[in-house]
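Enquirer: The structure under discussion is supplied below as structure tokens; questions concerning it will follow.
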Amino acid sequence: MKTVSIVVLEALLQMLVEKEGTSYDHAGMGEVSAMVGEEKVSQRYLYDCMSKIEQAKENRAPNTVRLQVYKLDALAQYLGFERFSAFEQSIATPISPILTNSVGSWYCYVRRNAPITEILQSPAQIVQEGRQFYLEVTGPNNALRGQLLLNNGCLFCHLKAANGKQFQHVYKIGNALSAKVLQGTFAGISSSNDPIGGRVVLMKSELPFEQLERQALAVKDTNNDALKALFAYFNTYEENNLKLLPSITFDLPDLLDD
């Protein structure tokens, strides 16, 4: 059993109903229970937690409550935390304005993995759900999503698609509160199942996410300053795309580019 603050418990339940887009009532707790798993946390258990919160607010109950750790862990893990203690710690940590100011529409740019210079433009957005932030990117074949974490002046994101496709993105943001362009690196697996990596750029857009367009941009004369900068940045294949040598023997000879 664990002693939990009523304030933290209420924040947990509020984040759960926000994630499900449901109501903070008995019916809403039923929806949350169904998604988390009724065998883990029942509707009655969640509604009892709600009742204890209301009683505490009316000074009819203590400001702390004793709850089972494994049930708290199940609820926190559904929200993306490793365990309840991680959720509890996040509540005590103020949300960084760097993250809140990054919410909105972006374009994601990478150079096509080919000798000819072509830039792939994908709609992207950073969204806030409760105390957590997510990067969403709509690629040519997949919609990817991952939690966005801020650490030592960099944004880290493990993007995942429903079909199993995954990419790791890391962007330099420093202490910028109104970043318009973020330089980063990506790592993932190609369509031929080889490790790939390279440079990636996020560029802020004033358009709603639904109006952003996905397209391939070929190098050409343009009066658009943003495109000029992108073409200059992504111009050289070797500076933007990392490709491994063929792995045949999985021994030292593979490292020799004959």
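Enquirer: Mind checking which residues of segment 106-131 are under 17 Å from GLY146 (Cβ atoms) and either buried (at least 21 other Cβ atoms within 10 Å of the Cβ) or touching a residue at least 60 places away in the same chain (Cβ under 8 Å) (or both)?
Expert: TRP106, CYS108, VAL110, SER122, PRO123, ALA124, GLN125, ILE126, GLU129, GLY130, ARG131
Enquirer: Just the residues that are in a helix (DSSP H, G or I), surrounded by 14 or more Cβ atoms within 10 Å (Cβ to Cβ) and free of Cβ contacts under 8 Å to residues at least 40 places away in the same chain, please, taken from segment 9-31.
Expert: Answer for segment 9-31, where residues must be in a helix (DSSP H, G or I), surrounded by 14 or more Cβ atoms within 10 Å (Cβ to Cβ) and free of Cβ contacts under 8 Å to residues at least 40 places away in the same chain: VAL17, GLU20, GLY28, MET29, GLY30, GLU31.
Enquirer: While we're looking at this one, here's another question. Return the pairs, sorted by first residue and then second, in which the second residue is part of a loop (DSSP other than H, G, I, E, B) and at pLDDT below 90, the first residue lies in segment 231-253 and is under 14 Å from ILE196 (Cβ atoms), the beta carbons are less than 6 Å apart, and the residues are 6+ apart or on different chains.
Expert: Partner pairs satisfying both residue conditions: TYR237/PRO115; ASN241/ASN113; LEU245/ASP257.
Enquirer: Failed condition for ASP48, given (1) of a type in the set (D, E, K, R); (2) surrounded by fewer than 17 Cβ atoms within 10 Å (Cβ to Cβ); (3) within 24 Å of GLN132 (Cβ to Cβ), with all others met?
Expert: Tallying (1) of a type in the set (D, E, K, R); (2) surrounded by fewer than 17 Cβ atoms within 10 Å (Cβ to Cβ); (3) within 24 Å of GLN132 (Cβ to Cβ), ASP48 fails exactly one: (3).
Enquirer: Looking only at segment 237-255, decide whether some residue is closer than 27 Å to ASN101 by Cα, assigned to a loop (DSSP other than H, G, I, E, B) and either within 27 Å of the chain's Cα centre (by Cα) or not small (Gly, Ala, Ser) (or both).
Expert: For segment 237-255, residues closer than 27 Å to ASN101 by Cα, assigned to a loop (DSSP other than H, G, I, E, B) and either within 27 Å of the chain's Cα centre (by Cα) or not small (Gly, Ala, Ser) (or both): absent.
Enquirer: Something else: Please work out which residue is nearest to GLY197 (Cα to Cα), limiting yourself to segment 167-179 and to residues that are in contact (Cβ under 8 Å) with a residue 40 or more places away in the chain and surrounded by 15 or more Cβ atoms within 10 Å (Cβ to Cβ).
Expert: Looking at residues that are in contact (Cβ under 8 Å) with a residue 40 or more places away in the chain and surrounded by 15 or more Cβ atoms within 10 Å (Cβ to Cβ), I get ILE173.
Residues are listed down the side, and each one gets a yes or a no for (1) touching a residue at least 40 places away in the same chain (Cβ under 8 Å); (2) of a type in the set (Gly, Ala, Ser); (3) closer than 14 Å to LEU12 by Cα:
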position	(1), (2), (3)
SER42	no, yes, no
LEU46	no, no, yes
MET50	no, no, yes
GLN55	no, no, no
GLU58	no, no, no
VAL69	yes, no, yes
LEU72	yes, no, yes
LEU79	yes, no, yes
ALA86	no, yes, yes
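Enquirer: Now a separate question. For segment 180-196, name all the residues that are within 16 Å of GLY139 (Cβ to Cβ) and either acidic (Asp, Glu) or surrounded by fewer than 17 Cβ atoms within 10 Å (Cβ to Cβ) (or both).
Expert: ALA187, GLY188, ILE189, SER190, SER191
Enquirer: Another question about this same structure. Filter segment 207-257 for residues that are among the basic types (Lys, Arg) and out of contact with any strand residue (DSSP E or B) (no Cβ under 8 Å at 6 or more places or on another chain); which is surrounded by the most Cβ atoms within 10 Å (Cβ to Cβ)?
Expert: LYS228
Enquirer: Looking only at segment 43-92, how many residues end up being in a loop (DSSP other than H, G, I, E, B), touching a helix residue (DSSP H, G or I) at 6+ places or on another chain (Cβ under 8 Å) and closer than 16 Å to THR3 by Cα?
Expert: 4
Enquirer: Sort out which residues of segment 192-236 are among the small types (Gly, Ala, Ser), assigned to a loop (DSSP other than H, G, I, E, B) and more than 15 Å from GLN121 (Cβ to Cβ), and write them in order of number.
Expert: SER192
Enquirer: Looking at ALA187, is it touching a residue at least 12 places away in the same chain (Cβ under 8 Å), in a strand (DSSP E or B) and either hydroxyl-bearing (Ser, Thr, Tyr) or out of contact with any Pro (no Cβ under 6 Å at 6 or more places or on another chain) (or both)?
Expert: So ALA187 passes the test.
Enquirer: All but one of (1) assigned to a loop (DSSP other than H, G, I, E, B); (2) among the hydrophobic types (A, V, I, L, M, F, W, C); (3) without any contact (Cβ under 8 Å) to a residue 12 or more places away in the chain hold for ALA34; which doesn't?
Expert: For ALA34, the exception is condition (1).
Enquirer: Just name the residue that is surrounded by the most Cβ atoms within 10 Å (Cβ to Cβ) out of those in segment 145-166 that are polar (S, T, N, Q) and part of a strand (DSSP E or B).
Expert: GLN147
The values are calculated or read from the model by the stated rules, or taken from the named source; none is laboratory data. Being a predicted model, the structure only gives us computed values, none of them experimental. A quick note on method: Cβ atoms are made from the backbone with ideal geometry, for glycine too, and the neighbour counts reach across all protein chains shown.
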